[in-house]
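Peer 1: This is the structure I want to talk about, given as structure tokens.
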Amino acid sequence: MDEWINKLPKHEKGLAKKITNSILSAEGVEIPKAVELIKYTRDSFQFEAFKELAAEIDGTDFNQSEKIITLFKEWELIEAREMYKIAQVRLETIEKFKNHIENNTREVPELHNFLKQFPWLLDPRIMSFRDEVTYSKMLKEEFKELDIDENDRRIDFLCQSFADSFFIIELKRPKKALSDKELDQGFKYVTFIKSRLGNKLGKNIYCYLIGERLVDKEEVRMKAEAYKRSNMVYVKTYGELLSSAIKYHQEFIDKYNEINCNA
């Protein structure tokens, strides 16, 4: 707890300490519940709206469990409302993404730019995307477009670094089926970047191949499973990206409607 509070700006430390101390000393709050509430406080402290709400309640007699629970119920509704607004806008973007898939939009530059602008379509947890262009350029220089089939000459990478992980994302056209050739190529991408990075960044390196589907052959499916088990190459379809994005954001809308009905 102290480690989290000590990292806060000076003007926020006092408020964080008062809230956590109030939770720990509140009547009727068991230790496991208090720990849960403190973790929730820590996670919510990144939002200005939460800090403003907490500051208002902090000025009152904030030593009863009912008042602590009220704080979090009010915040849950505010947070759900904000996520509801985001989800509504994103569902409109998802519809545009669906049109790109149906129209077999070119991966360069249309899909590339679209997914860089809306990276949460690749993974709903990604709020922003910073393309590691140095490594994208290295891959393009090493794996020349001339080595690729005539109908798939454009080669495109998005490289993203997260914590201890480095992702190579290769975009194919939405109607492109992925064969063992693409799977083997993905493996080569990973080994190539590993040889360039060495151990200096201490990162795990993964390749995501995105296309319409796997070629319907047993040896291709087996190879895809083998690469997946090796934790190096993964296949994602545009259909899976679309359905995951819809499900993830629809849950926010459903949750807000549920909370609002019970408020």
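Peer 1: Run residue 166 past the list (1) at pLDDT below 85; (2) in a loop (DSSP other than H, G, I, E, B); (3) surrounded by 20 or more Cβ atoms within 10 Å (Cβ to Cβ) and report the number of the one that doesn't hold.
Peer 2: Just one mismatch for residue 166, condition (2).
Peer 1: Is it the case that residue 189 is surrounded by 18 or more Cβ atoms within 10 Å (Cβ to Cβ) and over 18 Å from the mean Cα position of the chain (by Cα)?
Peer 2: Against the criterion (surrounded by 18 or more Cβ atoms within 10 Å (Cβ to Cβ) and over 18 Å from the mean Cα position of the chain (by Cα)), residue 189 qualifies.
Peer 1: In the stretch 169-186, which residue that is part of a helix (DSSP H, G or I) and closer than 14 Å to residue 208 by Cβ is nearest to the chain's Cα centre (by Cα)?
Peer 2: Restricting to residues being part of a helix (DSSP H, G or I) and closer than 14 Å to residue 208 by Cβ, the top hit is 186.
Peer 1: Could you grab me the full set of residues in the stretch 25-43 that are at pLDDT below 75 and surrounded by 17 or more Cβ atoms within 10 Å (Cβ to Cβ)?
Peer 2: Answer for the stretch 25-43, where residues must be at pLDDT below 75 and surrounded by 17 or more Cβ atoms within 10 Å (Cβ to Cβ): 26, 29.
Peer 1: Now, a different point. Look at residue 205 and say whether it is within 21 Å of residue 132 (Cβ to Cβ), in contact with a strand residue (DSSP E or B) (Cβ under 8 Å, 6 or more places away or on another chain), part of a helix (DSSP H, G or I) and at pLDDT below 90.
Peer 2: no
Peer 1: Quick check on the stretch 60-70. Is at least one of its residues surrounded by 15 or more Cβ atoms within 10 Å (Cβ to Cβ) and modelled with pLDDT of 65 or more?
Peer 2: no
Peer 1: Let me ask another. If residue 254 satisfies every condition in (1) surrounded by fewer than 18 Cβ atoms within 10 Å (Cβ to Cβ); (2) farther than 20 Å from residue 166 by Cα; (3) at pLDDT 80 or above but one, which is the exception?
Peer 2: (3)
Peer 1: Here is a check on your reading of the model: is residue 136 in the same structural domain as residue 210 (by TED's automatic domain parsing), at pLDDT below 75 and among the polar types (S, T, N, Q)?
Peer 2: no
Peer 1: Pairs please, first residue from the stretch 215-240 and in the same structural domain as residue 165 (by TED's automatic domain parsing) and more than 23 Å from residue 123 (Cβ to Cβ), second anywhere and modelled with pLDDT of 90 or more and aliphatic (A, V, I, L, M), Cβ atoms under 7 Å, 6+ apart in sequence or on different chains.
Peer 2: 215/177; 215/178; 220/214; 221/214; 223/183
The values are calculated or read from the model by the stated rules, or taken from the named source; none is laboratory data. Keep in mind that this is a model prediction, so the values were computed, not measured. Every residue, glycine among them, receives a Cβ derived from its backbone with ideal geometry; neighbour counts consider all protein chains shown.
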